[in-house]
């Protein structure tokens with residue numbers, strides 16, 4: 001009985017696809033070259049890549065810069081570029097993270113106001129929140145929703161959830 005080839009289990013990658021991936025990594029490297037030193041510090045790049053980017057930023061001759069870009073692309077092929085790309089996206093678009101948190105807080109507020117029994121689930125997920133204060137705000141927001149008279153309990157619940165999630169983000 002013959003054993004199946006190990007090579008057939010691997011996914012075939014064409015030379016064209018390899019070149020395209022290399023070009024994408026090189027373009028990502030070029031984006032890194034255009035960043036300031038403070039921005040690069042926020043990205044927490046691997047040392048080898050950071051040295052290569054710093055060297056490229058000091059180069060003025062086109063041919064040398066071209067070779068350095070090629071080298072940065074080579075260095076990036078040996079790294080996982082996904083975290084670098086995500087960090088660069090966060091650096092370029094900080095409002096996306098704020099919008100995502102806003103929508104998350106809104107969903108929690110709406111769910112807790114309509115169904116106070118979900119308070120236990122919220123406390124389970126975010127165990128560091130003040131349970132008593134959360135319970136009071138949820139009951140007030142639920143009562144406000146049932147009576148139809150807005151007195152600000154929903155906003156207070158929103159602020160409590162938002163401040164708690166913001167504090168968790170800064171702790172990370």
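Determine, yes or no, whether residue 72 is in the same structural domain as residue 21 (by TED's automatic domain parsing) and either under 22 Å from residue 169 (Cα atoms) or at pLDDT below 85 (or both).
Working: in the same structural domain as residue 21 (by TED's automatic domain parsing): yes; either under 22 Å from residue 169 (Cα atoms) or at pLDDT below 85 (or both): no.
When the stated conditions are applied, residue 72 does not pass them.
Just checking, does segment 76-87 include any residue being under 30 Å from residue 170 (Cβ atoms), outside any helix (DSSP H, G or I) and at pLDDT 85 or above?
yes
I'd like to verify a number: residues in segment 88-135 that are within 30 Å of residue 37 (Cα to Cα) and either in contact (Cβ under 8 Å) with a residue 24 or more places away in the chain or part of a helix (DSSP H, G or I) (or both), how many? Full working, then the answer.
First, pick out the residues of segment 88-135 that are within 30 Å of residue 37 (Cα to Cα): 88-101.
Checking which are either in contact (Cβ under 8 Å) with a residue 24 or more places away in the chain or part of a helix (DSSP H, G or I) (or both) leaves us with 88-92, 94-101.
So the answer is 13.
Could you list all residues from segment 56-90 that are surrounded by 14 or more Cβ atoms within 10 Å (Cβ to Cβ) and over 14 Å from residue 30 (Cβ atoms)?
79, 87
Please state which of the following conditions residue 98 fails to meet, knowing it meets all the rest: (1) within 30 Å of residue 29 (Cβ to Cβ); (2) surrounded by 13 or more Cβ atoms within 10 Å (Cβ to Cβ).
So residue 98 meets the others, but not (2).
Quick check on my filter: what residues within segment 1-17 are modelled with pLDDT of 85 or more and either under 19 Å from residue 66 (Cβ atoms) or assigned to a helix (DSSP H, G or I) (or both)?
Across segment 1-17, the qualifying residues are 15, 16, 17.
Results for (1) more than 25 Å from the chain's Cα centre (by Cα); (2) part of a helix (DSSP H, G or I), shown as yes or no for each residue.
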{"site": "27", "(1), (2)": "no, yes"}
{"site": "50", "(1), (2)": "no, yes"}
{"site": "60", "(1), (2)": "yes, no"}
{"site": "69", "(1), (2)": "yes, yes"}
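Among the residues that make up segment 11-24, is at least one of them closer than 30 Å to residue 136 by Cβ and touching a helix residue (DSSP H, G or I) at 6+ places or on another chain (Cβ under 7 Å)? Even if it seems obvious, please write down each step before you answer.
Pass one, segment 11-24, residues closer than 30 Å to residue 136 by Cβ: none.
Checked segment 11-24: no residue is closer than 30 Å to residue 136 by Cβ and touching a helix residue (DSSP H, G or I) at 6+ places or on another chain (Cβ under 7 Å).
The values are calculated or read from the model by the stated rules, or taken from the named source; none is laboratory data. These numbers come from a predicted model, not from an experiment. Heads up, the Cβs are rebuilt from the backbone with ideal geometry, glycines too, and the neighbour counts pull from every protein chain shown.
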